[in-house]
1. Return the long-range amide H neighbours of residue 96 (sequence gap of 5 or more, or a different chain), with a cut-off of under 5 Å between placed amide H atoms.
2. Taking N as the number of residues in the chain, what is its Cα Rg relative to 2.2 N^0.38 Å?
3. To the nearest Å, what is the center-to-center distance of segment 90-122 and segment 142-221, using C-alpha atoms only?
4. For segment 158-227, which GluC sites (Glu not before Pro) are both in a DSSP coil and crowded by at most 10 other Cβ atoms within 10 Å?
5. Could you tell me which of 132, 213, 8 has its Cα farthest along the dipole of the chain towards the positive end, charges placed at Cβ (Lys, Arg +1; Asp, Glu -1), taken about the Cα centre?
6. Gain in length, residue 55 to residue 135, computed as 0.36 nm per residue apart minus the alpha-carbon separation, to one decimal in nm?
7. Assuming R0 = 25 Å, can you tell me the calculated FRET efficiency for the pair residue 5 and residue 170, based on Cβ-Cβ distance, to the nearest 0.05?
8. Once you have the Cα-Cα distance between residue 123 and residue 246, take 0.36 nm times their residue separation minus that, and quote the gain in nm to one decimal.
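Where a number appears in this text, it was derived from the coordinates with a stated rule and is not lab data. Given the structure is predicted, the values throughout are model-derived calculations rather than measurements. With ideal geometry, Cβ positions are generated from the backbone for all residues, glycine too; neighbour counts draw on all protein chains shown.
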Amino acid sequence: MTYPTFAFVAAATDEAQAARARLQEMYQATNPDEAEIIVALGGDGFMLETLRGTLDREVAIFGMNCGTVGFLMNDFGEEGLAERLAAAERVTLHPLQMAATTTDGQRLSELAINEVSLFRQAHQAAHVRIAIDGVTRLPELICDGVLVATPAGSTAYNLSAHGPIVPLGAQLLALTPISTFRPRRWRGALLPNTATVSFEVLDPEKRPTGATADSVEVRDVLRVEVSEARGIALNLLFDSEHNLEQRVLQEQFAS
């Protein structure tokens, strides 16, 4: 049987670094820049970091959990790793593209694998106008924040904000408010993944608002546009018994 070439990368934690050292002694790994598969040792945050670092090349990522939540990770195991990699199932994800304009005129672009979020920066609630494909759908949302989540990201902060879990194959994005004040009964929307979501911050001087693309933060935004970056494919590998689609399904029945 022919096995793919693979390399190890690890989070900065003692647990992940120790696991990497043991695995490198056990297996003939290659350089991460040349590998067909990168084995990422850490938690979900490190998986996102690894995916960001490989956006410019076609490589698959197989995560093994050495962190806390590990939703995007496989179970950690040292034995039979080459066989696991050869048999792993591939899931292709597309990130979100955030285009933000700040109050001083700067334009910034970032990618998000989980979600793009807007948050109030001060003690006063944010006032945000929301348009979908150029049509205003909510003239004024008064809230702590609002986010757009991918299906993979729908089980992360989106779920904590009481947003819906989106199955991977649904071709939908979740638009979810955070601590809504007005309109009180608006709980968000499910949008086609072809939609462009535009946020306009109202009264930005009095009510400063920031935006984040996963962990990348932009302060004092005026406008933010979010759309799916269909031209960018992220390839994750999962053990067949723990594939991502099944995890998303299981989360909908978790207590």
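1. The list, which skips near neighbours in sequence, is 112, 113, 229.
2. 1.08
3. So the two Cα centres are separated by 11 Å.
4. In loop regions of segment 158-227 (DSSP not H, G, I, E or B), the sparsely surrounded GluC sites (Glu not before Pro) are 205.
5. Of 132, 213, 8, it is 132.
6. 25.6 nm is the gain from fully extending residue 55 to residue 135.
7. The computed FRET efficiency comes out at 0.15.
8. 40.3 nm
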